[in-house]
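Notes to accompany the following structure.
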């Protein structure tokens with residue numbers, strides 16, 4: 001089966017194309033085993049799946065492996081997809097599980113998304129946190145800014161990182177993230193809030209320095 005699907009993947013980065021969406025795909029054809037329709041599914045969602053896997057694993061080859069495993073499993077189990085959620089949500093769930101299993105094999109004692117979400121009593125909020133709304137978009141989206149954000153996200157525990165990646169990087173709704181991770185919307189919101197706070201802490205020093213420098217240049 002894997003050999004059959006390898007032909008669906010024409011290459012590495014250049015295969016990443018967001019061109020189609022779920023509404024243009026026929027679930028009936030997919031569940032009937034139509035390989036042409038499945039190739040269109042791969043074309044439509046490979047970019048998102050690869051990007052998520054790469055940010056979770058920080059290794060291009062591992063991300064490609066997760067990409068292939070995701071679509072191999074999707075091909076095998078598409079008949080069991082009931083259509084109650086978006087097919088992209090279903091694919092994210094497969095990819096997330098595959099990536100987490102990969103991480104657990106490498107770090108069996110460190111990877112878990114089942115951590116408690118409550119904030120411990122007495123936990124103090126950081127005194128100085130940069131408000132990102134005050135930063136110009138080009139500052140946040142610069143190559144340096146994205147690199148720093150990626151590094152800061154790597155510091156997060158997996159239970160927070162995966163919520164941040166799905167919600168803020170991939171743009172899933174709170175409900176969709178909950179569906180992917182089998183979490184309540186309240187748990188998703190709590191983890192996302194904690195993830196954002198941790199990221200602000202990690203990046204606060206850098207952006208404080210940048211804002212002070214820009215202020216001095218204007219004065």
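Odds and ends about this structure:
- Output for segment 58-77, where each listed residue is under 18 Å from residue 28 (Cα atoms) and without any contact (Cβ under 8 Å) to a residue 24 or more places away in the chain: 77
- Residues satisfying the stated conditions in segment 161-198, i.e. free of Cβ contacts under 8 Å to residues at least 60 places away in the same chain and surrounded by 20 or more Cβ atoms within 10 Å (Cβ to Cβ): 163, 164, 167, 177, 178, 183, 188, 195
- Taking each residue of segment 78-90 that is in the same structural domain as residue 29 (by TED's automatic domain parsing) and looking for partners that are assigned to a loop (DSSP other than H, G, I, E, B) and surrounded by 10 or more Cβ atoms within 10 Å (Cβ to Cβ) with beta-carbon atoms closer than 6 Å, six or more apart or interchain, yields 90/81.
- Pairs linking a residue in segment 19-41 that is at pLDDT 90 or above to a residue that is outside any helix (DSSP H, G or I) and exposed (fewer than 12 other Cβ atoms within 10 Å of the Cβ), with Cβ atoms under 8 Å and 6 or more positions apart or on different chains, are 27/83.
- Considering (1) at pLDDT below 90; (2) surrounded by 10 or more Cβ atoms within 10 Å (Cβ to Cβ); (3) farther than 17 Å from residue 191 by Cβ, the lone condition that residue 115 does not fulfil carries the number (3).
- For segment 172-219, the set of residues classified as in a loop (DSSP other than H, G, I, E, B) and at pLDDT 80 or above consists of 172, 173, 182, 183, 184, listed by residue number.
The values are calculated or read from the model by the stated rules, or taken from the named source; none is laboratory data. All of these numbers come straight from a predicted model, not from anything done at the bench. Counting neighbours? That spans all protein chains shown, and the Cβs are built from the backbone with ideal geometry, glycine included.
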